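FYI, it's all coordinate maths here, none of it is from the lab. Since this is a predicted model, take the numbers as computed values, not measurements. We place every Cβ from the backbone using ideal geometry, glycine too, and count neighbours over all the protein chains shown.
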Amino acid sequence: MKINIITIDGPAGSGKGKIAKYVAKKWKLKHLDSGIFYRRIAYIISKKKINPINKITIKILINDIDQISSQKNKILRSEKISNIASIIAEYKFVRDFVNTQQKLTIKKSKNKNGFVIDGRDIGSVVFKNASIKLYIDVDVNIRAKRRHKQLIDMGEKSIYPQILKDIKLRDKKDKSRKNSPLVIPEGAYVVDNSSKFSITQNQLNIIIGKYINGKY
Ligand code: CDP
């Protein structure tokens, strides 16, 4: 198998994670969710009650961290952590740190088949030479509805208009930031994941299967 890295980028709540999990299972790749690193830093900031706009303190904090875990945890998915993660993701030193952590995680992994990595800048910046790049897009109202349901299912308080507002703000931050904004990476397959059936497993398998079988 010649696959090394598949990147999946897209805005908040586009379903990248689900697609990444499916692809990883199907092709025996390891899934790395780059957002986890931003969320873990946000969680430490929240625990230590640091103001997320206090760049100097955050820089000192990051300089003291050797390695950060890529393990998922439900507590990292709260709306409070999402909002802090979105603020600190604008800082170049945070992005540099997270990118190094991703490369370190891959280097240390025993998985020989390769990785599927999801995020915002994976195909455009972090792994520009990836074998296959996907960009997932979904209408913002649908994303907000999905996120609202997720939070309710998690037992969190969630008010739909507030979630919609938060997601719009996070989109704006992601797309307009100076450092590694969210863009469609060059050479990416753009996938509209708005309806439940807009990207079928079949379509995904054709895209990836073509590559694996050396047909392009
Ligand atoms: O699940 P959701 O798509 O809402 O967020 P996530 O992928 O867990 O990422 C959390 C935050 O980290 C987002 O608000 C992004 O701004 C940021 N992020 C980023 O800037 N670059 C990445 N490669 C991944 C996440």
- Note on the structure: Residue by residue through the stretch 13-29, the couplings from Karplus 6.51 cos²θ - 1.76 cosθ + 1.60 with θ = phi - 60°, in Hz, x for Gly and Pro, are x, 7, x, 4, x, 5, 5, 4, 5, 4, 4, 4, 5, 4, 9, 6, 9
- Query: Considering amide H positions built from the backbone, and no H for Pro or chain starts, which residues 5 or more places from Leu134, or on another chain, come under 5 Å of its amide H?
  - Reply: Thr7, Ile8, Asp9, Tyr189
- For Leu32, list long-range residues whose amide hydrogen, built 1.01 Å from N in the peptide plane, is under 5 Å from its own amide hydrogen. Val116, Ile117, Asp118
- Message: Projecting each Cα onto the charge dipole of the stretch 1-138 (Lys/Arg +1, Asp/Glu -1 at the beta carbon, about the Cα centre), which of Gly114, Thr100, Gly10 comes out farthest on the positive side?
- Response: Gly114
- Message: Explain nothing, just compute: Karplus ³J(HN,Hα) = 6.51 cos²θ - 1.76 cosθ + 1.60, θ = phi - 60°, for every residue of the stretch 127-140 in order, whole Hz, x for Gly and Pro.
- Response: 10, 4, 9, 4, 5, 9, 10, 10, 10, 9, 10, 8, 3, 4
- Query: Over what distance in Å are the Cα centres of the stretch 173-190 and the stretch 63-131 separated?
  - Reply: 16 Å
- Query: Once phi is turned into θ = phi - 60°, what whole-Hz ³J(HN,Hα) does the Karplus curve with 6.51, -1.76 and 1.60 give for every residue of the stretch 75-86, x standing for Gly and Pro?
  - Reply: 5, 7, 9, 5, 5, 4, 5, 4, 5, 5, 4, 5
- When the Cα atoms of the chain are enclosed in a convex hull and the volume is divided per residue, what value in Å³ results? 118 Å³
- Query: Which of the pairs Lys112/Lys168; Lys128/Lys149; Lys49/Lys168 have their Cα atoms more than 32 Å apart in this structure?
  - Reply: Lys112/Lys168; Lys128/Lys149
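Taking the Cα centre of the chain as origin, work out the dipole magnitude from +1 charges on Lys and Arg Cβ and -1 charges on Asp and Glu Cβ, in debye rounded to 20. Could you put the intermediate results ahead of the total?
On the way: 46 positive and 18 negative charges, 94 e Å.
The dipole of the chain has a size of about 460 debye.
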